[in-house]
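The values are calculated or read from the model by the stated rules, or taken from the named source; none is laboratory data. As the structure is a prediction and not an experimental result, all values here were calculated from the model. Positions of Cβ are backbone-derived with ideal geometry, glycine not excepted, and every protein chain shown enters the neighbour counts.
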Amino acid sequence: MKSTVEQLSPTRVRINVEVPFEELKPDFDKAYKALAQQVRIPGFRPGKAPAKLLEARLGRGAILEQVVNDALPTKYGEAVETAEVQVIGRPEIEITKIEDGDELAFTAEVDVRPEITLPDFSGIEVTVDPISVGDEDIAEQLESLRQRFGTLKSVDRPVQDGDFVSIDLEATVDGAKVEEASTTGLSHEVGSGQLIEGLDDTLAGMSAEESRDFTSTLVAGEYAGKEATITVTVQSVKERELPEADDEFAQMASEFDTMDELKDDLRKRAEQGKKVEQAGDIRDKVLEALLEQTEVPLPEGAVQGEIDAVLHDAVHGFDHDEAKFAEALEAQGSSREEFDKDSKEAAERSVKTQLLLDAVAEQENTEVGQQELTERILFQAQRYGMSPEQFIQQVQQAGQLGAIFSDVRRGKALAGVVGQATVTDTEGNAVDTDEMFGSPDDSEADEAAGTAEAEETADQKAAAGAE
């Protein structure tokens with residue numbers, strides 16, 4: 001087999017392949033064997049009919065068609081390996097020549113990873129806010145802990161912000177009841193803004209067994225984008241009673257005997273939380289600086305794949321009715337044009353980030369160990385509330401194990417860049433990133449890096465991008 005590569009653009013090539021017919025003999029043998037099992041010829045047992053009789057019965061053209069269809073993926077793969085190009089996505093294959101007994105020729109146009117010139121990582125400088133833990137942070141942590149141990153008590157008064165209510169909802173559009181927007185016995189925290197727009201404002205001041213109507217625009221289902229009349233009926237009103245913040249509470253809610261000891265521990269936890277926030281800020285700013293300093297040609301197919309995936313997910317809740325989707329966008333003060341523009345910008349950034357971090361990983365020889373891959377799988381399984389076995393099964397069925405591997409590798413690559421960058425806080429103090437991300441040689445660095453791109457790709461998309 002002979003193959004040549006034409007560079008059509010920095011991100012696309014055409015591979016020209018010529019295959020002598022003698023190299024197709026195994027494919028002919030395979031085709032004859034398969035067809036012999038399918039075609040019944042009198043006087044011969046299934047699978048035993050001679051090739052000549054099969055050709056006479058089916059025609060040489062049918063045999064050739066099956067041989068070519070079977071051979072193309074293998075020959076394309078061999079040509080890619082020989083050319084040493086890193087392809088992205090599916091190729092567009094065109095058969096240019098079939099001379100029976102002589103030669104098969106075809107071309108394959110496909111997106112490829114572009115050549116990327118990386119900047120000097122030690123020249124990257126970013127500034128972040130310093131870590132500061134105040135009394136208000138401790139008070140916030142303590143309030144959260146008290147709420148976890150709070151109890152709900154029925155009250156005989158109108159609804160106030162922060163109350164917990166049991167409600168019934170019934171929605172109608174032009175007099176027709178909307179079943180998917182109607183429910184009974186729904187528990188809701190007033191002021192959380194987690195349900196229908198306008199509900200919290202309507203609930204304020206209502207009493208048990210009282211009903212009120214309000215209007216709101218539905219955002220999903222058959223009536224997405226339509227204005228509905230919604231009747232809310234309050235069944236019960238409860239308020240949360242919080243325990244006193246004293247030594248007795250400290251003993252109940254923690255392993256500490258006194259409130260002072262508990263507050264000291266909360267301060268440490270708050271400080272650790274601030275460190276996590278600072279690490280995320282460092283990661284984001286280093287990535288942003290890296291993106292700004294690096295030219296990355298974008299493969300059109302990879303970008304379009306990202307856009308298509310986002311659109312598919314967006315319209316899925318509207319039964320893939322794009323008209324309803326457009327109405328819902330208008331109800332939210334947006335438009336399809338704005339959605340498409342935002343989707344394209346997000347897709348371009350996502351693909352650029354993936355390609356850039358892959359280039360960093362290759363230059364720095366970033367490797368991923370089995371333990372690191374296992375830890376990421378366990379983390380994602382827990383995140384989705386699944387057992388590791390169930391998660392792995394779904395990932396394998398979706399063909400996404402390679403995407404998870406790539407995510408971990410990209411996270412480690414970014415951590416390596418952070419380790420070489422100069423990071424200071426706004427007070428001029430140097431920030432030790434080794435504690436957050438590990439040293440550049442630390443094999444566990446990717447867990448701290450945890451790039452937003454990595455987690456996003458593991459949730460939904462890497463297939464259309466730069467795998």
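Values computed for the structure shown
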quantity: So GLY225, is it under 28 Å from THR11 (Cα atoms), modelled with pLDDT under 95 and not β-branched (Val, Ile, Thr); calculated: no
quantity: Selection status of THR172, closer than 30 Å to LYS75 by Cα and in a strand (DSSP E or B); calculated: no
quantity: First in the stretch 253-267 and within 16 Å of ALA139 (Cα to Cα) and touching a residue at least 60 places away in the same chain (Cβ under 8 Å), second anywhere and among the β-branched types (Val, Ile, Thr) and buried (at least 16 other Cβ atoms within 10 Å of the Cβ), Cβ under 8 Å, 6 or more apart; calculated: LYS263/ILE138; LEU266/ILE138; ARG267/VAL133; ARG267/ILE138
quantity: The stretch 73-82 - residue that is crowded, with 16+ Cβ neighbours inside 10 Å and within 32 Å of the chain's Cα centre (by Cα) and, of those, farthest from GLU6 (Cα to Cα); calculated: TYR76
quantity: Residue under evaluation GLU81, criteria (1) assigned to a helix (DSSP H, G or I); (2) at pLDDT below 90, criterion not met; calculated: (2)
quantity: Candidate set from the stretch 182-237 (those that are surrounded by 17 or more Cβ atoms within 10 Å (Cβ to Cβ) and of a type in the set (D, E, K, R)); member that is nearest to the chain's Cα centre (by Cα); calculated: LYS226
quantity: Restricting the stretch 229-268 to residues that are of a type in the set (D, E, K, R) and either touching a strand residue (DSSP E or B) at 6+ places or on another chain (Cβ under 6 Å) or assigned to a strand (DSSP E or B) (or both), the residue that is farthest from GLY205 (Cα to Cα); calculated: GLU241
quantity: Count of residues meeting criterion [buried (at least 16 other Cβ atoms within 10 Å of the Cβ) and part of a strand (DSSP E or B)] in the stretch 1-15; calculated: 6
quantity: Helices (runs of 4 or more DSSP H) contained in the stretch 289-403 and holding at least 1 residues closer than 30 Å to VAL126 by Cβ and not assigned by TED's automatic domain parsing to the domain that holds ARG12; calculated: 300-316, 336-363, 370-383
quantity: The stretch 87-116, subset outside any strand (DSSP E or B) and over 27 Å from the mean Cα position of the chain (by Cα), residue modelled with the highest pLDDT; calculated: ASP102
quantity: Verdict on GLN371 being closer than 29 Å to GLY305 by Cβ, exposed (fewer than 13 other Cβ atoms within 10 Å of the Cβ), at pLDDT 90 or above and out of contact with any helix residue (DSSP H, G or I) (no Cβ under 7 Å at 6 or more places or on another chain); calculated: no
quantity: Condition met for GLU180 (touching a residue at least 12 places away in the same chain (Cβ under 8 Å), of a type outside the set (A, V, I, L, M, F, W, C) and assigned to a loop (DSSP other than H, G, I, E, B)); calculated: no
quantity: Where a residue in the stretch 120-138 is not assigned by TED's automatic domain parsing to the domain that holds VAL276 and in a loop (DSSP other than H, G, I, E, B) and its partner, wherever it lies, is hydroxyl-bearing (Ser, Thr, Tyr) and surrounded by fewer than 17 Cβ atoms within 10 Å (Cβ to Cβ), with Cβ under 8 Å and at least six apart; calculated: ILE124/THR422; ASP129/THR426; PRO130/THR426
